[in-house]
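Engineer: Mind looking over this structure? Questions follow.
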Amino acid sequence: MQIKKRKDTGKWSYQICFHGKRYRQSGWSTKDEAQKEAEDFQGKLRREASLAASGSAITFIEAVNGFLAYSARIGKSENRLRGLYSNFHSFLLPFFTAEKRLKDITHNDIEAFIDEQCKRTVSKNTITHYVTDLNAMLNWAVKEEIIDINPMKKVSRKRIRPEKIMKQGFTPEEIKMAESALDKEERLFFRFLLFTGERLTEALSSKWSDIDYKNREIIIRGTKTEGSLRRLDMCDGLHSTLKGLEAYKTESL
């Protein structure tokens, strides 16, 4: 490690050689600041090297737990975290086994997993969810330098690609029929879903603080991440529906 003062800028800099690579950085006003930054950076390099060295021994269950912790840390929603936990612990872990080293999983293993799932009476969309979650975990492992390459790159997923289906929307008569079967708070909540177009999980996440009567806007809360929000203009029907729901007011809608 070298700490020097640059003649051209008058700022302090450091130079570190680590595993055959040279790292330089400058811009500090004092030698002590440069020394501290150099020591912190060198410590980071050592920790990363230690992780890379131990990565070959990481088991599937350890990788899954690390990925779930990472997903929670970056703000994945509770619904998404529950889905990840369920898919890994109910389907992926039983197949690949907890003790299998992550680096030993090949594209052939993943193909075999897909083969097994195709024998079950589940939709292609469901299998795609399992494979997508596995792929996300493997990409995370590559990023963390636990494995060098994602074996999913060699896997063909065409056979589990869901068929595109053109869904038929409800007619006004069908909507009126469904609404007529409801009463009081249930009917108002049905209208709230109708006017906002929210999924049920989104609607159940709505809060009274999301409503802005003055500007006639409402915030729609997504379920993928905590920060997935969008604003919706409030039509007259939604306005009257919300006013009606106030009679049943709780913390959420």
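Just so it is clear, none of the values below were taken in a lab; they were calculated from the coordinates. Not measured: the values here are computed from a predicted model. Using ideal geometry, Cβ is built from the backbone for each residue, glycine included, and neighbour counts are taken over all protein chains shown.
Engineer: What do you get for GluC sites (Glu not before Pro) in segment 29-124 restricted to DSSP loop and a cutoff of at most 14 other Cβ within 10 Å of the site's Cβ?
Structural biologist: Those that pass, being in a loop and sparsely packed, are GLU99.
Engineer: Around ALA38, with a cut-off of 12 angstrom between Cβ atoms, what is the net charge of the other residues, counting Lys and Arg +1 and Asp and Glu -1?
Structural biologist: My count for the surroundings of ALA38 gives 0.
Engineer: Then there is this: Go through ILE3, ILE114, ASN135 and say which Cα lies farthest out towards the positive end of the charge dipole of the chain; charges sit on Cβ, +1 for Lys and Arg, -1 for Asp and Glu.
Structural biologist: ILE3
Engineer: Between (i) 49, 32, 14; (ii) 25, 22, 19; (iii) 29, 19, 18, which matches semi-axes √(5λ) of the Cα gyration tensor in Å calculated for the structure shown?
Structural biologist: (i)
Engineer: Moving on. Considering the chain as a Gaussian network with a 10 Å cut-off on Cα pairs, which listed residue, ALA98, ALA38, ALA69, attains the greatest mean-square fluctuation?
Structural biologist: Result: ALA38 has the largest fluctuation of those listed.
Engineer: Please list, in order along segment 70-75, the HN-Hα scalar couplings obtained from phi with the Karplus expression 6.51 cos²θ - 1.76 cosθ + 1.60 (θ = phi - 60°), rounded to whole Hz, x for Gly and Pro.
Structural biologist: Calculated HN-Hα couplings, in order: 5, 4, 5, 5, 8, x Hz.
Engineer: Listed highest first by mean packing, meaning other Cβ atoms within 10 Å per residue, what order do 8-20, 138-150, 232-244 come in?
Structural biologist: 138-150, 232-244, 8-20
Engineer: Relative contact order for segment 60-160 using alpha-carbon pairs under 8 Å, separation at least 6, rounded to a whole percent?
Structural biologist: Answer for segment 60-160 is 34 percent.
Engineer: With the contact rule set at Cα under 8 Å and sequence spacing of 6 or more, what percent relative contact order holds for segment 117-253?
Structural biologist: That works out to 18 percent.
Engineer: Now for a different question. With unit charges on the beta carbons (Lys and Arg positive, Asp and Glu negative) and the dipole taken about the Cα centre of segment 172-248, which residue among SER205, CYS235, LEU245 sits farthest to the positive side?
Structural biologist: SER205
Engineer: Another question, then. Report the normalised scattering of segment 97-222 as log10 I(q)/I(0) at q = 0.09, 0.10, 0.15 Å⁻¹, calculated by the Debye formula with identical scatterers on the alpha carbons.
Structural biologist: -0.52, -0.61, -0.87
Engineer: Further question: Treating only the Cβ atoms of Lys and Arg (+1) and Asp and Glu (-1) as charged, compute the dipole magnitude of segment 9-160 about its Cα centre; round to the nearest 20 debye.
Structural biologist: Dipole of segment 9-160, to the nearest 20 debye: 460 debye.
Engineer: Using Cα pairs under 8 angstrom and six or more residues apart, how large is the relative contact order of the chain, in percent?
Structural biologist: 14 percent.
Engineer: Step through the residues of segment 89-99 one at a time and calculate ³J(HN,Hα) from phi using the Karplus curve (6.51 cos²θ - 1.76 cosθ + 1.60, θ = phi - 60°), rounding each to whole Hz and writing x for Gly and Pro.
Structural biologist: For segment 89-99, the Karplus curve yields 7, 8, 10, 6, 5, x, 7, 7, 6, 5, 7 Hz.
Engineer: Turning to a different aspect of this structure: Cβ under 12 Å from LYS176's Cβ, LYS176 left aside: what net charge do those residues give with Lys, Arg +1 and Asp, Glu -1?
Structural biologist: Local net charge: -1.
Engineer: Would you calculate, for the chain, the mean residue ellipticity at 222 nm contributed by helices, counting each DSSP H stretch of 4 or more residues as -39,500 (n - 2.57) and dividing by all residues, to the nearest 500?
Structural biologist: -15000 deg cm²/dmol
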